[in-house]
Structures are given as structure tokens and as C-alpha cells.
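The values are calculated or read from the model by the stated rules, or taken from the named source; none is laboratory data. Note that this is a predicted model, so its numbers are computed, not measured. Neighbour counts run over all protein chains shown; Cβ positions are idealised from the backbone, glycine included. With ligands, DNA and RNA removed, areas are computed over all heavy atoms of the protein, side chains included. Shrake-Rupley method; radii C 1.70, N 1.55, O 1.52, S 1.80 Å.
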Amino acid sequence: MSILIKNATIVTMNENRDVFGGDLLIENDRINRIGKLDRYTADMVIDAGNQLLLPGFIQSHVHLCQVLFRGMADDLELLDWLQQRIWPLESSHDEESLYYSSVLGCAELLRGGTTSIIDMATVNHTESVFTAVKQAGIRYLGGKCLMDHGEDVPHNMLDTTDKALQESLELYQRWNNYDNGRIRYALCPRFAVSCSDTLLREVASLSRQYQIPVHTHASENRGEIELVEKERGIRNIIYLDSLGLCHDRLILAHCIHLSQDEMQILVDSKSNIVHCPGSNLKLGSGIAPIPPLLNLGARVSLGADGAPCNNNLSMFMEMRLAALIQKPFHGPRSMPAQAVVEMATRGGARAMGLENEIGSLEEGKKADMVLVSLDGWHTRPQNAAGVYSQLVYQAQTSDVSATIVDGHLLMKDGHLLSIDEEKVKTAAEASLQRVCQRTGLC
């Protein structure tokens, strides 16, 4: 299958950050040519006049398993949010409800220009998440949530250490590098509060042995940090580093409350920090020190986190918040729009370990990209702002006109092509009703 995109403003995000008017040819799953391609033909031609063509957004921290619970855990701080709402709701998933929660999330993400995600599933029925992302066509890195420790955890969310690791390895063997590498597996310990020292040491060992990425949370909430210090005797990041978990395969969500030593550990180890401004604000967790981290050379990307703590999965919203919330503290130039778009594209590709494959539009790279229309009232006058400013401060998810992953057109003109939209909407409502009956929380 070949697709020729004509007359676009191409925002390459390549090494030189080239932006120019032109055409792009996709052959199968790769970008074949970029430039003026008047003599080329293709199976499909898309006229992208008056549109930006850019690399697909890469959300480096999401929870597809929580999409079904959007709006059901408002106005709570992190630990209460988990113990009173999220863990009971997650524990009540069946295979079908988890599948439709995941497809529902993929639909929203693809519709909003996100082509790749780093996900943390729940403890049970993880196969359903992989089945969902297989069907939806999104690029995926994630795995089973690992929990073997902690108080106030529902009994069916608390695995033994051996069971947690064994199920993870089985899923890794079945799904890692599925569909020519579109789906990959990550080890996903939830956070130090819900993981034993033994489990985290084993995760570090498996990651080192098989080069598996590790996706977890840390230093999101002051209460969480106090619990880790009480149980493990040291601060969160220092503890993870002592276990051998801080390395370039670590994907660490939040990192709000960091000491100077912890910041330096993350920089020196090339750990990947995922900034989730919408979630951090809604839970009252705080504002991550992103400008100081970037000044030190940290690797930073963006994610929406879960639907119940956001309640949107929009990269446009996360980019806007990431740019704005730092300015009162660090000055109006502290988070320029181009740096934020880099976090949403190249930064996410690096977090996934795929910087040579995705994150920029270059010949030979994977054909993961989106078209963003500039035809709305909120994007006019069209030539007043630069493309990065348009993307960060003006554009919205409704402006995305096409989403392509691995050379497959998955959304065009607001219509999803890999997902039966009406079926998913109906089944998601029915699935939520079953969860409500089990928990009494609706």
C-alpha cells in the first residue's frame, strides 16, 4: 500500500527541525520520499493543502485500563484516589470490560493525533489490552501492572511475586515485537509503595537480562514519598537507583518532588522522565521541575496519564499545559513551544527506545504521522504564528484530519477506520454497568 500526501506544510522534527511545503510518499510501513513529488503516483493520494503534516504524537504514560472510569474519581489526592476509587474499579474489570476500556482509549488517542503510547495495564486480564491495541492499530509499549505489596489493595489486585513475574514473562513471549514490532512489552511495577523489594530487584534483573523497558511511577505525591522513605529508608529515586533500575530503559512517570541528587541521578542514568501536567494539576500533586531538568540535560517526554485523573487523553492539552504552567515560576521563555513539541514527538520516541524509527519525518523511518488542519477560527490568521506556536497554543484534537500508523490510515476526516465506533460506544456503556454492579461506586 502506498500513500502520497500532497501540498502539506511538513514539520519534520528532524535534526535541523526543517519546516517546508511539499509532499511525502509512504510505501508500506516506511517513508519513501519527501520533497516535491509531482511525478510520483500512489494507491491513495491525500491533498493536504492548508494542513500541517508532522510526526504522530507519542504519549509516554497512559492507562488504557482506566478509560472506562473517566470522571469517577474526581477531587481526590493520589493515595485516596487509588485506594478509594481506582484500585476497586480496576479490580472489578472482566476481560470484556478491559478490552472495551482499551479500545475506547485507543479511539480517543488516534482521533487526537496520538500514534504511539507507553501504557500500564492493570493486574488481571492483560491479554485483553493487547488484543485491543492489536485491533486498533496504535503503536504500543506496555504490560501487566505488577503489585505484590501494600495495604488497602483489593485482594485480587495483590499478586504473589512469582505470579506477577511469571505472567509478565508469558505475556512478553507472546506479544513482544508483535506485528513487525508495532507492539512491544514493558515490565510495569506500579510504584515502590505497592511493590516489594524482591519484586523490584527481579524486575531490574529481567530488564538487564532481556533488555526490556521498565515503566513505573515515582515521586508523584508527598505522601507516596514519605511511605517509601518510611519503608525503604531512602528517597524514591535514590531507592530505585540502588536497585539498578535507573537506566535508559526506565520510563518514569511524574518526577515532581525531586531532590537535587535525585535530579542528577535521572540525568546521569539517562532515565526517561514523563511529564503529565494535566494529571499532576488535577490530583493536586504539584508541578514537576521540567525547566531545571531540561537545563541539566534530562530526557523528558509527555503523557496524559489516566482518564480518571485528567479527564482527557489530548496531547494538545498536555502540550499547552506543559508550556504554560512553568512560566510563572521560571519566566515566559522557560518552555518555548518548539521544545514542547519536541517532548511530544522526539522525546517520546526516545522513551520508547525507538528514536531511530519514529518521532520525526525522515526518509526510511516508520510512517507514523498526523495531519492537522489550520482551517478553524481558532487557528486564524494562519500565517501570524509559527507552526510550533500553532500546535501548542492554538490547535485542538478536533483539528486532526488524518492519523497514520505503520503506513496504515487509521483515521480520516474524523472517522476511525480500524475501530467500529458505534459498537465500542455501546459495549463500553454496558461494560461500565457490570463494573458498577460489582463495586457500587457508580
Checklist line | Output for region 273-293, where each listed residue is crowded, with 21+ Cβ neighbours inside 10 Å, among the hydrophobic types (A, V, I, L, M, F, W, C) and either part of a strand (DSSP E or B) or in contact with a strand residue (DSSP E or B) (Cβ under 7 Å, 6 or more places away or on another chain) (or both) | finding: I273, V274, C276, A288, I290
Next item on the list: Might you let me know whether region 109-117 holds any residue that is in contact (Cβ under 8 Å) with a residue 40 or more places away in the chain, within 24 Å of M369 (Cβ to Cβ) and over 14 Å from the mean Cα position of the chain (by Cα)?
Entry: yes
Margin query: Here's a check for you: in region 166-198, which residue that is among the aliphatic types (A, V, I, L, M) and surrounded by 22 or more Cβ atoms within 10 Å (Cβ to Cβ) is farthest from H408 (Cα to Cα)?
Written below: V193
Notebook entry, point to check: over 16 Å from V341 (Cβ atoms), in a helix (DSSP H, G or I) and within 16 Å of the chain's Cα centre (by Cα): does that describe P308?
Noted result: yes
Notebook entry, point to check: (1) surrounded by 18 or more Cβ atoms within 10 Å (Cβ to Cβ); (2) among the β-branched types (V, I, T); (3) modelled with pLDDT of 95 or more: which one isn't true of V435, the others all being true?
Noted result: (3)
Next item on the list: Quick one: count up the residues across region 34-47 that are more than 28 Å from the chain's Cα centre (by Cα) and part of a strand (DSSP E or B).
Entry: 4
Next item on the list: Find the residue count for region 402-415, including only residues that are crowded, with 20+ Cβ neighbours inside 10 Å and farther than 18 Å from G49 by Cβ.
Entry: 5
Next item on the list: Output the qualifying pairs, or none if there are none: Cβ atoms under 9 angstrom, residues six or more apart or on different chains, first residue in region 354-369 and under 24 Å from A186 (Cβ atoms), second residue hydrophobic (A, V, I, L, M, F, W, C) and open to solvent by 10 Å² or more (accessible area, probe 1.4 Å).
Entry: K366/L354
Notebook entry, point to check: Is it the case that some residue within region 21-34 is more than 29 Å from I183 (Cα to Cα), in contact with a strand residue (DSSP E or B) (Cβ under 8 Å, 6 or more places away or on another chain) and free of Cβ contacts under 8 Å to residues at least 40 places away in the same chain?
Noted result: yes
Note to self: Considering only region 67-89, I want to know if a residue exists there that is of a type in the set (A, V, I, L, M, F, W, C), within 14 Å of the chain's Cα centre (by Cα) and either open to solvent by less than 10 Å² (accessible area, probe 1.4 Å) or over 30 Å from G22 (Cα atoms) (or both).
What the structure shows: yes
Next item on the list: Would you check if there is a residue in region 16-24 being open to solvent by 30 Å² or more (accessible area, probe 1.4 Å) and over 25 Å from D399 (Cβ atoms)?
Entry: yes
Next item on the list: Report yes if L313 is in contact with a Gly (Cβ under 9 Å, 6 or more places away or on another chain), closer than 25 Å to A186 by Cα and open to solvent by less than 40 Å² (accessible area, probe 1.4 Å), otherwise no.
Entry: yes
